[in-house]
Amino acid sequence: MNTDSALEPAVLVERRGRLGLLTLNRPRTINALSHEMVQLISAALEGWRDNPAIATVAIVGSGDRGLCAGGDVLFLYRDAKENGARGSAAFWADEYRMNLAISRYPKPVVAIQDGIVLGGGVGVSAHGSHRVVTERTRIGFPETTIGFVPDVGATWLLSRAPGNLGIRLALSSESVGAADAILIGLSDAHIPSAHIPRLVSALETEDAATTIALLASEPEPGVLAAQQSWTDAAFAASTVPEILDLLRASRQPDAETLAHTITGKSPIAVTVALEAVRRARALPDLGSALVEEYRVSRHAASSHDFVEGIRAQLVDKDRTPQWHPRRFADIDASAVSAYFAAPPEGDLDLNAPSLEERS
């Protein structure tokens, strides 16, 4: 098993029959995405795009904990503190181009969303053409917990979820299981984890859609469908304080718990996330959403709450972030709109070559 040694590639790139197999290979970090991994994935996709010997691409994670726990936020933390987030900007630019490339890929991309799939892990999987969950799947967007905002095309995906379920996930940082991931539109089919090796093996010779259909089964029921009525009502409110008031007034224990959860997140990040998903509803395509997310990410990287959130959760691990502002009611509209302004270097050019291609 890989132990994240420097001798091991961060992404294993293999050809197995008609299958191009990408294995995220940092199991000790639950395959957290680094810039190098984004470059390796992008290069492999480009190399297979016009190769007639490759009929299908599959993306899996090594280890037994999950596909991908998101981006390498400790790198982003150090980069924000020591380098003016310049490395983060380059990482996001190439990551978002990779997300778009996956969504536009001319061959089936089968993403195995087994185990933990968070943040950047959703970006590397949920834009694929065939997204497979298992009974072990926990998928979500934890960004507001660290003072950040869902990215990697998340605003586009969540803005297309039924009702206001997507807004709920963006604000709360909740993770969901297989049935709810399918309901939200982040996934397509459920296959028991014990059958994943059989799926990957079959993809070496068989059609992706046919193979998945043969192995698919109904997942265990989720929780969101039964909670959609009060979720839609509360998250239709104009502001976060109004959403919280409606959740508390609903007299639903789960709604009151959810209000408590959101209250503990970064107020500015939650408020920007609400605005970002609502803006994404009016955008024409994923590319437009990624350009807007790049604006938000660049601004967030220079914010107090981003560095403070990572410090509290992953560096000092005291779980007591000191947010600024501390209250939702203290957030000024101009502070929110600033997140959506073009960064100093200009907007993300999704058609520019990745760093891998330029090197």
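Give the residue that is farthest from residue 134 (Cα to Cα), with candidates limited to residues of the stretch 203-229 that are of a type in the set (Val, Ile, Thr) and surrounded by fewer than 18 Cβ atoms within 10 Å (Cβ to Cβ).
Narrowing the stretch 203-229 to residues of a type in the set (Val, Ile, Thr): 205, 210-212, 223.
Now narrow it down to the ones that are surrounded by fewer than 18 Cβ atoms within 10 Å (Cβ to Cβ): 205, 210, 223.
Details: 205: 22, 210: 18, 223: 16 Å.
The residue in question is 205.
Kindly check whether there is at least one residue in the stretch 313-324 that is among the acidic types (Asp, Glu), under 24 Å from residue 88 (Cβ atoms) and surrounded by 17 or more Cβ atoms within 10 Å (Cβ to Cβ). Within the stretch 313-324, not a single residue is among the acidic types (Asp, Glu), under 24 Å from residue 88 (Cβ atoms) and surrounded by 17 or more Cβ atoms within 10 Å (Cβ to Cβ).
Being touching a helix residue (DSSP H, G or I) at 6+ places or on another chain (Cβ under 7 Å) and surrounded by fewer than 20 Cβ atoms within 10 Å (Cβ to Cβ): is that true of residue 200 here? Talk me through it step by step, then tell me what you get.
Working: touching a helix residue (DSSP H, G or I) at 6+ places or on another chain (Cβ under 7 Å): no; surrounded by fewer than 20 Cβ atoms within 10 Å (Cβ to Cβ): yes.
In short, no.
Regarding the stretch 63-80, can at least one residue be identified that is in contact with a Pro (Cβ under 6 Å, 6 or more places away or on another chain), within 28 Å of residue 177 (Cα to Cα) and at pLDDT 95 or above? For the stretch 63-80, residues in contact with a Pro (Cβ under 6 Å, 6 or more places away or on another chain), within 28 Å of residue 177 (Cα to Cα) and at pLDDT 95 or above: present. Within the stretch 71-82, residues that are among the basic types (Lys, Arg) have Cβ atoms under 8 Å from residues that are in a helix (DSSP H, G or I) in these pairs: 81/307, counting only partners at least 6 apart in sequence or on another chain.
Candidates are the residues of the stretch 119-148 that are among the hydroxyl-bearing types (Ser, Thr, Tyr) and touching a Gly at 6+ places or on another chain (Cβ under 7 Å); the one that is nearest to residue 67 (Cα to Cα) is 137. Here the strands (runs of 3 or more DSSP E) wholly within the stretch 1-82 that include at least 3 residues being surrounded by fewer than 21 Cβ atoms within 10 Å (Cβ to Cβ) and more than 23 Å from the chain's Cα centre (by Cα) are 11-16.
Sort out which residues of the stretch 200-230 are among the hydrophobic types (A, V, I, L, M, F, W, C) and more than 19 Å from residue 179 (Cβ to Cβ), and write them in order of number. Reasoning before the result, please.
As a first pass, look at the stretch 200-230 and keep what is among the hydrophobic types (A, V, I, L, M, F, W, C): 200, 202-203, 208-209, 212-216, 223-226, 230.
Matches in the stretch 200-230: 200, 202, 203, 208, 209, 214.
Residues in the stretch 151-168 that are in a helix (DSSP H, G or I) and either aromatic (Phe, Trp, Tyr) or closer than 18 Å to residue 300 by Cβ (or both): 154, 155, 156, 158.
Of all residues in the stretch 135-175, those satisfying the criterion of being touching a strand residue (DSSP E or B) at 6+ places or on another chain (Cβ under 8 Å), surrounded by fewer than 22 Cβ atoms within 10 Å (Cβ to Cβ) and of a type outside the set (D, E, K, R) are 142, 175.
Residues of the stretch 94-117 being in contact with a Phe, Trp or Tyr (Cβ under 7 Å, 6 or more places away or on another chain) and not aromatic (Phe, Trp, Tyr), which ones?
Taking the stretch 94-117 and keeping what is in contact with a Phe, Trp or Tyr (Cβ under 7 Å, 6 or more places away or on another chain), we get 96.
Within the stretch 94-117, no residue meets the criteria.
Let me confirm something: among 337, 288, which residue is within 16 Å of residue 156 (Cα to Cα), surrounded by fewer than 22 Cβ atoms within 10 Å (Cβ to Cβ), hydroxyl-bearing (Ser, Thr, Tyr) and out of contact with any Cys (no Cβ under 8 Å at 6 or more places or on another chain)? Unique residue meeting the criteria: 288.
With respect to the conditions (1) surrounded by fewer than 24 Cβ atoms within 10 Å (Cβ to Cβ); (2) touching a Pro at 6+ places or on another chain (Cβ under 9 Å), residue 122 lacks only one, and its number is (1).
The values are calculated or read from the model by the stated rules, or taken from the named source; none is laboratory data. What you see is a predicted model; the values in this text were computed from it and never measured. Glycine also receives a Cβ, built like all others from the backbone with ideal geometry; neighbour counts cover every protein chain displayed.
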